[in-house]
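Chemist: The structure is given below, and queries will be raised subsequently.
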Amino acid sequence: MNKPEEGLAPARAKIPIERYSSDAHFRKEIEKLFRRTWLNICRADRIPEPGDYIVQDLYALDVSVIIVRGTDKRIRAFYNMCPHRGNRVAMDQCGNRRGFKCLFHGWTYDLNGACVAMPGEKFFPGVERSDARLVEIHSDVWGGFVHINLEENPEKTLVEYMVPQNGLDGYLEQTWYPNFHYQAEVNCNWKLMIDAQIEFYHFDALHEASLAGAASVRDHIPEVFPDGDGIIGHTEGYFSPETAKHPPTDVQMIAQEQGNAVYFNPLDEGKAKQPINAPNAIAMSGRDDWIADSYSLLPHIVLLIQNNNFVIQRAWPVSVNKTIWDLQGFSFEPQPPSNFGEFFNLRMVQYGQRDVLSEDLSTLEVTQRNLGAGPIRNFHFSEQEGVLRQLQERIESYLAKP
Amino acid sequence: MAEIPEKLRPLDIFLGEWALSSESARLAKRQQSTYEELRGLHDAVLPYLRDIMACLNAYPLYEIPAELKPYGYLALMLADIDLAVNRWRSPTIPHGFSLNRVAPLHEKPNNVFGVKPWP
Ligand code: FES
Ligand SMILES: [Fe+2]
């Protein structure tokens, strides 16, 4: 079932640019894809205690969601919308509550969404408390992440959707330490943002000054899952000591003495082998020179997995040419950092990601502004960009559904 | 009061300008500085970086005495400018997406992701 993306038929390698610029196509994606698939929202262990909640805006979907842990310890998701006249019932982004009180007229809800107070109830003849509940949204946990599905009756359960699991579930389920969280509004289509992160073909050119040569481009034939659903495919990166242009900096060398994040020293053979500290590590190939793995999950998730840490990028569509880039970084150990050296080691990972990912974002807005230019009507995706191709196929298959 | 180790004393001249306690402040300082200024700081502090670690590692992270914290901030300044100095040779990333547009949400005390800031 799983096969490397080799020998693409030329027709499959051409992608109409219109898919990135047409408003009608964008609306279709929102209605037929985003409103129907499972959406990754947050870590389940972010809300460990009854009453712990977070609020997530779904932007183009015009939905605000509350994720809350109930007194029965179960996680539930609700529309953050008061059934009285539509106000948000949770105004803060996170916290701990015994219930939610709408600040407009005071209707109050418990953690199960039941309406427990309705001031002036006698003036609402015919409105039953049962009509006045917060509306629940399907939710479930996979790989330690809370997912929601806005469909009234989701076509698949979350576990059925996350096929093939590929060992990813067990890897992500482990206890991960939340390390950093960045957000930016970028004037581009959400798929441009994802495309930029799920191939390593751009490594040598775009990251010329920062990472060039560190991973051998020859080797990056991605693995795609044509028969899967939520998991599109991935690309593994391998360290290439012969071509690496940039030895680790002095500060990186000192940082790696202090904690678990390590940097390669191409001059030192021994260091080129990264131990994979996290149990259930998913270096699928089992190669010693593995350095990174980039996963695309439908619809809008990119996981970038490195030794002892990973980042999740969520590309939240706002409009056809506006996307919220949400980046969260996790580390496996230490959790939490116990001394300054470990803290410093984690900050080096964080600032490195922040700076290098700003190179990744650099092409998006100018590309978007080129899309209407005219003469070029198709993008060309190579075999190394096979995950991009597979993502397109999967999206189109959702759009083709009745 | 914790005693300030003699071997960190040569760094004192940098503390006023460069020992900034938040990532936002450090990043702003980096972007307002010239490459030469950043390089100067990097080269002056680097020889002491292991000493800073050794002194601060004597305490649990959240119990580092206030008098020693500025040396930690100075070390973090080096972390912040490392790639700017040693890769791009520029305080900002040439043609990069401006870091002024990237919001560090983890800096808020009660952030949605649950990051525990230091100090
Ligand atoms: S809108 Fe919520 S109580 Fe009126
Ligand atoms: Fe990149």
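The values are calculated or read from the model by the stated rules, or taken from the named source; none is laboratory data. Given the structure is predicted, the values throughout are model-derived calculations rather than measurements. Quick reminder, even Gly has a Cβ in these numbers, built from the backbone with ideal geometry, and neighbours come from all protein chains shown. When the accessible area is computed, the model is the full protein with side chains, heavy atoms only, and any ligands, DNA or RNA have been set aside. Shrake-Rupley method; radii C 1.70, N 1.55, O 1.52, S 1.80 Å.
Chemist: I need the full set of residues from the stretch A:67-116 which are among the aliphatic types (A, V, I, L, M), more than 10 Å from ligand 1 (Cβ to nearest atom) and more than 14 Å from every other protein chain (Cβ to nearest Cβ), in order please. Steps first, please.
Modeler: Here is the first cut: in the stretch A:67-116, the residues among the aliphatic types (A, V, I, L, M) are A:67-68, A:75, A:77, A:81, A:89-91, A:103, A:111, A:114, A:116.
This time we only want the ones that are more than 10 Å from ligand 1 (Cβ to nearest atom), so: A:67-68, A:75, A:77, A:90-91, A:111, A:114, A:116.
Answer for the stretch A:67-116, where residues must be among the aliphatic types (A, V, I, L, M), more than 10 Å from ligand 1 (Cβ to nearest atom) and more than 14 Å from every other protein chain (Cβ to nearest Cβ): A:ILE75, A:ALA77, A:LEU111, A:ALA114, A:VAL116.
Chemist: Then there's this: Considering the stretch A:103-125 alone, what residues qualify as being more than 13 Å from A:ARG85 (Cα to Cα), touching a helix residue (DSSP H, G or I) at 6+ places or on another chain (Cβ under 8 Å) and either in contact (Cβ under 8 Å) with a residue 40 or more places away in the chain or not aliphatic (A, V, I, L, M) (or both)?
Modeler: Answer for the stretch A:103-125, where residues must be more than 13 Å from A:ARG85 (Cα to Cα), touching a helix residue (DSSP H, G or I) at 6+ places or on another chain (Cβ under 8 Å) and either in contact (Cβ under 8 Å) with a residue 40 or more places away in the chain or not aliphatic (A, V, I, L, M) (or both): just A:CYS115.
Okay, residues lined up against (1) in contact (Cβ under 8 Å) with a residue 24 or more places away in the chain; (2) more than 7 Å from chain A (Cβ to nearest Cβ); (3) over 16 Å from the mean Cα position of the chain (by Cα):
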{"site": "B:PRO5", "(1), (2), (3)": "yes, yes, yes"}
{"site": "B:LEU11", "(1), (2), (3)": "yes, yes, no"}
{"site": "B:ARG30", "(1), (2), (3)": "yes, yes, no"}
{"site": "B:PRO60", "(1), (2), (3)": "no, no, yes"}
{"site": "B:LYS69", "(1), (2), (3)": "yes, yes, no"}
{"site": "B:MET77", "(1), (2), (3)": "yes, yes, no"}
{"site": "B:PRO104", "(1), (2), (3)": "yes, no, no"}
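Chemist: Please go through the stretch A:171-228 and give me each residue that is assigned to a strand (DSSP E or B), within 14 Å of chain B (Cβ to nearest Cβ) and out of contact with any His (no Cβ under 6 Å at 6 or more places or on another chain), ordered by number.
Modeler: Matches in the stretch A:171-228: A:TYR177, A:PRO178, A:ASN179, A:TYR182, A:GLN183, A:ALA184, A:GLU185, A:VAL186.
Chemist: For the stretch A:230-277, name all the residues that are at pLDDT below 90, open to solvent by less than 50 Å² (accessible area, probe 1.4 Å) and hydrophobic (A, V, I, L, M, F, W, C).
Modeler: A:PHE239, A:ALA244, A:ALA261, A:PHE264, A:ALA272
For (1) farther than 16 Å from A:ALA255 by Cα; (2) within 12 Å of another protein chain (Cβ to nearest Cβ); (3) free of Cβ contacts under 8 Å to residues at least 40 places away in the same chain, each residue gets a yes or a no:
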{"position": "B:GLY16", "(1), (2), (3)": "yes, no, yes"}
{"position": "B:GLU23", "(1), (2), (3)": "yes, yes, no"}
{"position": "B:LEU74", "(1), (2), (3)": "no, yes, no"}
{"position": "B:PRO94", "(1), (2), (3)": "yes, yes, yes"}
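Chemist: Here is a further query. Give the stretch B:106-117 a look and list any residue that's part of a loop (DSSP other than H, G, I, E, B) and at the interface with chain A (Cβ under 7 Å from one of its Cβ atoms), or say none. Reasoning before the result, please.
Modeler: Taking the stretch B:106-117 and keeping what is part of a loop (DSSP other than H, G, I, E, B), we get B:108-117.
The answer is B:ASN110, B:ASN111, B:VAL112, B:PHE113, B:GLY114, B:VAL115, B:LYS116.
Chemist: Okay, next question. What about A:GLY99, is it open to solvent by less than 40 Å² (accessible area, probe 1.4 Å) and either in contact with a Leu (Cβ under 9 Å, 6 or more places away or on another chain) or farther than 30 Å from A:GLY170 by Cβ (or both)? Give the steps one after another, and end with the answer.
Modeler: On the way: open to solvent by less than 40 Å² (accessible area, probe 1.4 Å): yes; either in contact with a Leu (Cβ under 9 Å, 6 or more places away or on another chain) or farther than 30 Å from A:GLY170 by Cβ (or both): yes.
Yes, satisfied.
Chemist: Return yes or no: is A:GLN335 among the polar types (S, T, N, Q), assigned to a loop (DSSP other than H, G, I, E, B), open to solvent by 10 Å² or more (accessible area, probe 1.4 Å) and assigned by TED's automatic domain parsing to the domain that holds A:ILE231?
Modeler: yes
Chemist: A further question follows. Return the residues of the stretch A:167-196 that are over 19 Å from A:ILE17 (Cβ atoms) and within 16 Å of ligand 2 (Cβ to nearest atom); say none if nothing qualifies.
Modeler: Selection gives A:TYR182, A:ALA184.
Chemist: May I pose another question? Being under 19 Å from A:ARG347 (Cβ atoms) and part of a loop (DSSP other than H, G, I, E, B) narrows it down to one of B:TYR48, B:TYR59, so name that one.
Modeler: Numbers: B:TYR48 fails: part of a loop (DSSP other than H, G, I, E, B).
One residue alone meets the criteria, B:TYR59.
Residue-by-condition table, conditions (1) in contact with a strand residue (DSSP E or B) (Cβ under 6 Å, 6 or more places away or on another chain); (2) within 24 Å of B:GLY96 (Cβ to Cβ):
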{"position": "A:ILE305", "(1), (2)": "yes, yes"}
{"position": "A:GLN328", "(1), (2)": "yes, yes"}
{"position": "A:GLN335", "(1), (2)": "yes, no"}
{"position": "A:PHE343", "(1), (2)": "no, no"}
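Chemist: Something else: Looking at (1) touching a Cys at 6+ places or on another chain (Cβ under 8 Å); (2) in a helix (DSSP H, G or I), which is the one condition that is false for B:ILE13?
Modeler: So B:ILE13 meets the others, but not (1).
Chemist: Turning to a different aspect of this structure: With respect to the numbered conditions (1) crowded, with 22+ Cβ neighbours inside 10 Å; (2) more than 15 Å from A:VAL251 (Cα to Cα), which one is the sole condition not fulfilled by B:SER90?
Modeler: Checking B:SER90 against (1) crowded, with 22+ Cβ neighbours inside 10 Å; (2) more than 15 Å from A:VAL251 (Cα to Cα), the one that fails is (1).
Chemist: Here's something else I'd like to know. Across the stretch A:138-154, what is the total count of residues that are out of contact with any Pro (no Cβ under 6 Å at 6 or more places or on another chain) and assigned to a strand (DSSP E or B)?
Modeler: The qualifying residues number 9.
Chemist: Take the residues in the stretch A:354-385 that are in contact with a helix residue (DSSP H, G or I) (Cβ under 8 Å, 6 or more places away or on another chain) and among the polar types (S, T, N, Q); name whichever of them is least open to solvent (accessible area, probe 1.4 Å).
Modeler: A:SER358
Chemist: Assess whether A:VAL366 counts as being modelled with pLDDT of 95 or more and either closer than 24 Å to A:LEU211 by Cα or within 9 Å of chain B (Cβ to nearest Cβ) (or both).
Modeler: yes
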